[in-house]
1. If you check P58 against the conditions, is it within 16 Å of K21 (Cα to Cα) and loosely packed, with under 13 Cβ neighbours inside 10 Å?
2. Considering only segment 1-24, how many residues are modelled with pLDDT of 95 or more and either surrounded by fewer than 13 Cβ atoms within 10 Å (Cβ to Cβ) or farther than 18 Å from D84 by Cβ (or both)?
3. Which strands (runs of 3 or more DSSP E) does segment 9-98 wholly contain that include 2 or more residues that are of a type outside the set (A, V, I, L, M, F, W, C), out of contact with any Cys (no Cβ under 7 Å at 6 or more places or on another chain) and in contact (Cβ under 8 Å) with a residue 40 or more places away in the chain?
Amino acid sequence: MGETTKARGSKEALPYMKSIKLVLHGILKLRWNDGFEGLVDLRPIIARGNNFVWLQEPEHFAQGELAEYGHSIGWINDKGQHIDFGADMLHALAIKQRDLLLLAG
C-alpha cells in the first residue's frame, strides 16, 4: 500500500484522493492514495435533486475541485452553498460500482 493518513484517535487509515478527472457529466475518474483508481457515477445521486439540483447542469458539475488534502470533492453553488462528497464515500461507491460491473460480466 502507498502512503496513508490517519484521523486523530483512529486506528483505521482514511482514504484520500490524489487526482480527479471529469469523464462525462456526472462521472469522475478518481485515484486514491492507496493506488486504487475507479470511476464513480454520481448521476443517480444528482438526479435526486434537493441539494444536488445545481450539479444537474454540466457546466456546474465541471467546476468540481479536489479539496485540500484530498478528503473531498466540492463545489460552491450560485448561492455560496458548499456541495461535497467525501473521499471515503466515493471510495466505497467506486468499489461497489466496479463490483457491479464485474458481476454483470
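1. yes
2. 4
3. Because the criterion is at least 2 residues that are of a type outside the set (A, V, I, L, M, F, W, C), out of contact with any Cys (no Cβ under 7 Å at 6 or more places or on another chain) and in contact (Cβ under 8 Å) with a residue 40 or more places away in the chain, the strands (runs of 3 or more DSSP E) in segment 9-98 that meet it are 17-24, 37-41.
The values are calculated or read from the model by the stated rules, or taken from the named source; none is laboratory data. Since the structure is predicted, the reported quantities are computational estimates derived from the model, not experimental observations. All Cβ positions, glycine included, derive from the backbone under ideal geometry; neighbour counts span all protein chains shown.
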